[in-house]
1. Of all the Cα-Cα pairs you can form in the chain, what percent are over 31 Å apart?
2. Roughly what would the spin-label model give for residue 394 and residue 57, points 7 Å off Cα along C-beta, in nm?
3. Helix-only mean residue ellipticity at 222 nm, the chain, DSSP H runs n ≥ 4 weighted -39,500 (n - 2.57), per residue, nearest 500. What is it?
4. I need the calculated FRET efficiency for the pair residue 157 and residue 10, taking r as the beta carbon distance and R₀ as 30 Å, to the nearest 0.05.
5. Highest first, please rank the peptides 132-140, 417-425, 147-155 by the mean number of other Cβ atoms sitting within 10 Å of their residues.
6. Relative to the longest principal axis of the C-alpha atoms of the chain, give the angle of the C-alpha long axis of helix 426-439, reported between 0 and 90° and rounded to the nearest 10°.
7. Would you mind telling me the antiparallel percentage of the DSSP bridges in the chain, rounded to 5?
8. With axes computed from alpha carbons, what is the tilt in degrees of helix 173-188 against the longest principal axis of the chain, rounded to the nearest 10 within 0 to 90?
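None of the figures in this text is laboratory data; all of them are computed from the coordinates on show. Because the structure is a prediction, the values reported are computed rather than measured. Backbone-built Cβ (ideal geometry, glycine too); neighbour counts: all protein chains shown.
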């Protein structure tokens, strides 16, 4: 095997019971190369990376690192051979400094000389063009700084092979470009970098080589500069996909039509928009979280019928508290939330339902808050429906029929309706959750990161379903992290920074740069005035 090759996997196969996750996979990642790994949910990407990280062991095949055949019995073995994995969800202790977090992962642990460690951190930072204050507490860091800290922690283990799982998921556009600069610097320094991502535009921008998995097998491999984006998409999903996200128009008298420049005309300084009837109004909502920190401060905006209102912001800007407060799961310390003429602030989900108010909620935590992982599809439908059928006996038949309809309509891939949802891929879990909430006929639908971690085919199916609800007059709150999607799908975008609204802009006139500026705390006045001035022109 070639010693210039950082990782060479040959004939890798892995099964879990009767389910084949990887079948005869060959993968070659060279030193000084950025290698993108693509594939639909359930294609086998995570299983393959987990074998390279020592979490799983292959049933068949062999792995070589820099020409030396290796066997990983644990993650410690993988680390010892210079492989470092940077997870999407950071593994950091918030109350500790950067240096102390790095100290936890070093051989020798607490017996390592801290002054020497700080010197090493600065040396690695200088060598790879990284920037982190060793004495800064993690809770004071931006998301980009936390990710930089994770990279430094891996590099201090002398890792020459970095695996990055969805590295841009929670970054602003500026932070993404900074990350790409870092990744290119790592490549130029001779490191091998593997990036798992669902954002094809980022694959085209930063990677050198791309490998595509489908149904546990390699279906394509190419130099990125030599492959066209439509070809790459077809390799991923196995069919041609139209990348255009429709923005249909909902009019006062019903459906007006659809078009690339559609959308509800609006975007006023108070965030009220225009178009359909106002359904949901937040007025100076303030939320203090369990840590006694203000998560939301004086948040105000309106969601109208037939409108998708996006919410943008770096992670931890109050998105979670916003959607949970509207759904009645988190209590606010001030303000009002009006649904029609009723103030629902402080009411529980059951009290809101008893008022005849129909709010659908798709939380960020699909299996922790949205669905019960150990229950099957039918039982999860029953959890939403059982109060519709009073009496001492539970009526299962209606929920069975609904489960069948959701599976068929949304193309859910499942062995049966009685399969526990925890055994399904992320995309199929999300389809079940969205289908269940839509079946409840909501007037307002709140979705928190509905396509996070989903492949392109599943993501576009979700966009299609949301637009169908929009055309039925449903008001939708779409909390997202992909600014391109927010700009294409939404009518207006509310930007949060540190729990405050820093801007409400019309999506079809806004830019990613403007959103990025607002996400980092830029003033909202100039952005909103510019938007309104543009409308007047």
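1. 51 percent
2. It is 4.1 nm.
3. Value at 222 nm, helices only, nearest 500: -9500 deg cm²/dmol.
4. Calculated value: 0.70.
5. Those peptides, ordered most packed to least, come out 147-155, 417-425, 132-140.
6. 0 degrees
7. 55 percent
8. Tilt of helix 173-188: around 10 degrees.
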